[in-house]
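In what follows, a single structure is set out as structure tokens and then discussed.
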Amino acid sequence: MPHSKTWLTLGSMALLAAACAQSPKHAEMANAAGANVPTPPNVDRTKCDEKGKTVITADTNLDQKADVWKFYQSMDVGGQKTEILTCKEVDLNHDGKIDLVYYYDDKGATLTLDEADTDFDGKFDMTRYYANGKVVREELDTNFDGKPDVWKYYEDEKLVRQERDTNGDGKVDEWEYYEGGKLDRIGYDTTGNGTVNKWDRAPENEEESSGGGAAAPAPAAAPAAATQPPPAATTPPPAKATAPTTPPPAKASTTPPAAKK
């Protein structure tokens, strides 16, 4: 996974109650046949390939070196040739290495993917996938070994499920499910067979189901992504802008290894 590392501190979870007698709903999602690592959405990574594209650069800190590269591809739109933004690369700390990459849809108006290296070690550790401009999935490399170990899934930009590889063997072994933005239940694979064999409920849910007293405090919310993507440019620069410049060598973007999702 040629991506940078997003350093992310996962919030500590509230203490969990004893396992439930019955498997929680949606358990079948964690017991899919075959490999239990999530498969990433399909994204056209050639959009950040300079071949056949016009590359416009910017020097935001005025040090005479480019730190932003925008890739435009000529397309036929309504019978007219139009330059469409396909990709944007950013060197955030001005060290000559790409720290942030944005991929856009075929209209150059909506994000489909972004990747970030937030600890500036030259490896991406966060990847976010979008649908209709909204984040639907996030992959994190929390131990910075070059492989994702946390997968988050969103609906209407709300976290609904989080999967983890807690022992670094490339397989999901912990599943967290959220209801209304709050942790509802956690499933564990304690045998290594890729399926849930133990469930815990969030303490507040145990209190509610037993008619107990005040609910326990909700678990700490997952921290927000370090970098928010800027709005996509809908109008490319004039055709006679500064001569295209090829950005310094940057790691080629490749699809994160499916085995780790």
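Yes/no per residue for (1) modelled with pLDDT of 95 or more; (2) under 15 Å from Asp49 (Cβ atoms); (3) within 21 Å of the chain's Cα centre (by Cα):
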position: Gln73; (1), (2), (3): yes, yes, no
position: Gly78; (1), (2), (3): no, no, no
position: Ile98; (1), (2), (3): yes, yes, yes
position: Val101; (1), (2), (3): yes, yes, yes
position: Gly108; (1), (2), (3): no, no, yes
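Each row is one residue, and each column tells you yes or no for (1) at positive phi; (2) of a type outside the set (D, E, K, R); (3) more than 14 Å from the chain's Cα centre (by Cα).
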site: Thr118; (1), (2), (3): no, yes, no
site: Thr127; (1), (2), (3): no, yes, no
site: Tyr130; (1), (2), (3): no, yes, no
site: Val135; (1), (2), (3): no, yes, no
site: Thr142; (1), (2), (3): no, yes, no
site: Trp151; (1), (2), (3): no, yes, no
site: Glu157; (1), (2), (3): yes, no, no
site: Glu163; (1), (2), (3): no, no, no
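Those strands (runs of 3 or more DSSP E) of the range 70-153 in which 2 or more residues are over 19 Å from Ile56 (Cβ atoms) and in contact (Cβ under 8 Å) with a residue 24 or more places away in the chain occupy 111-116, 126-131, 134-140.
In the range 169-186, of all residues being out of contact with any Asp or Glu (no Cβ under 7 Å at 6 or more places or on another chain) and not acidic (Asp, Glu), the one that is nearest to Val150 (Cα to Cα) corresponds to Gly170.
The rows are residues; the columns are (1) touching a strand residue (DSSP E or B) at 6+ places or on another chain (Cβ under 9 Å); (2) exposed (fewer than 12 other Cβ atoms within 10 Å of the Cβ); (3) at pLDDT below 90.
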| site | (1), (2), (3) |
| --- | --- |
| Gly146 | yes, no, yes |
| Glu174 | yes, no, no |
| Glu179 | yes, no, no |
| Asp189 | yes, no, no |
| Val196 | yes, no, no |
| Asn205 | yes, no, yes |
| Glu208 | no, no, yes |
| Gly212 | no, no, yes |
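The values are calculated or read from the model by the stated rules, or taken from the named source; none is laboratory data. Every value quoted in this text rests on a predicted model; they were computed, and no experiment measured them. Virtual Cβ from ideal backbone geometry, glycine too; neighbours counted across all protein chains shown.
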